[in-house]
Amino acid sequence: MLLAIDVGNTNIVFGSFDGAKLSAHFRLATDHRRTPDEYGVLLRAMLVDAGLNPKDIAGVVMASVVPPLSDVLRAMCHERLKREPLVVGPGIKTGMPILTDNPREVGADRVVNGVAAYERFRHAPGGPFGLVIVDFGTATTFDVVSPKGEYLGGAISPGVMIAAEALYENAAKLPRIELVMPATAIGKSTVTSMRSGILFGYAGLVDGMVARMKGELDFAPKVIATGGLAPLVKSCAQSIESVDEFLTLEGLRIIHERNERGERA
């Protein structure tokens, strides 16, 4: 069994793979105060609850955008799982050339998403295809991959939840709201007006960014979205063609497999 760990600013997502099949997945709130032992106990409880044996973990692969937690989770793997995790970063074989000014500064999660999306579409009828990958995480990121499987760059904007929280925290009369799709763009209350502005607003941001990126490319990319809010935004964004909630976990599995086989970077 392979354990994949995606460490984000808001959540840590764990996925267990039986071969190429994602057999279970779990999500924990990112908490800098937790110790390796605490994360180990929580992980064990989640695995057991899913009917899995932690002793069956043969390998661990991790991508992290939270450097302090990288060491904590690495220690958890050593102490609790007796495994050395493969941490995605410089020197790791991804199979994807990074064609940016400073490849080392590209977030590991963005590279992992690119690897997974390209692998998914490279053998599709009419492919291989270039891609725009939209990840609705703490930040909303846009990443572009060429039809040759090269990471070309992208864009970063504040995440949907960051925008919603900013309204609540900085406008005295605006409440904290649940993000559900409004029926109309013209809100009839404060809450529906906020929902419209955030969700339809971000759909417009996505469509506008994708249109600008397509105008700078000499190929027609497929547009795939991931992240917890991807299905919600897709319902009102015209440019998103498909959603894959577990794109990052799949990319981690692919990268682990490539490093196990010793493929070239």
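Which of the residues that make up the stretch 82-91 are buried (at least 19 other Cβ atoms within 10 Å of the Cβ) and under 15 Å from residue 40 (Cβ atoms)?
85
Is it the case that the stretch 29-52 has a residue that's at pLDDT below 95 and assigned to a strand (DSSP E or B)?
yes
Would you please list the contacts, defined by Cβ atoms under 7 Å and residues six or more apart or on different chains, that run from a residue in the stretch 176-198 that is more than 20 Å from residue 234 (Cα to Cα) to a residue that is surrounded by fewer than 15 Cβ atoms within 10 Å (Cβ to Cβ) and among the hydroxyl-bearing types (Ser, Thr, Tyr)?
176/168
Can you confirm whether the stretch 233-245 contains a residue that is modelled with pLDDT of 95 or more, in contact with a helix residue (DSSP H, G or I) (Cβ under 6 Å, 6 or more places away or on another chain), over 19 Å from residue 162 (Cβ atoms) and exposed (fewer than 14 other Cβ atoms within 10 Å of the Cβ)?
yes
Name the single residue that is surrounded by the fewest Cβ atoms within 10 Å (Cβ to Cβ) among those in the stretch 20-71 being out of contact with any Gly (no Cβ under 9 Å at 6 or more places or on another chain) and among the basic types (Lys, Arg).
Going through the qualifying residues, I end up with 33.
The values are calculated or read from the model by the stated rules, or taken from the named source; none is laboratory data. Bear in mind that the values here come from a model prediction, so they are computed numbers and not experimental data. Backbone-built Cβ (ideal geometry, glycine too); neighbour counts: all protein chains shown.
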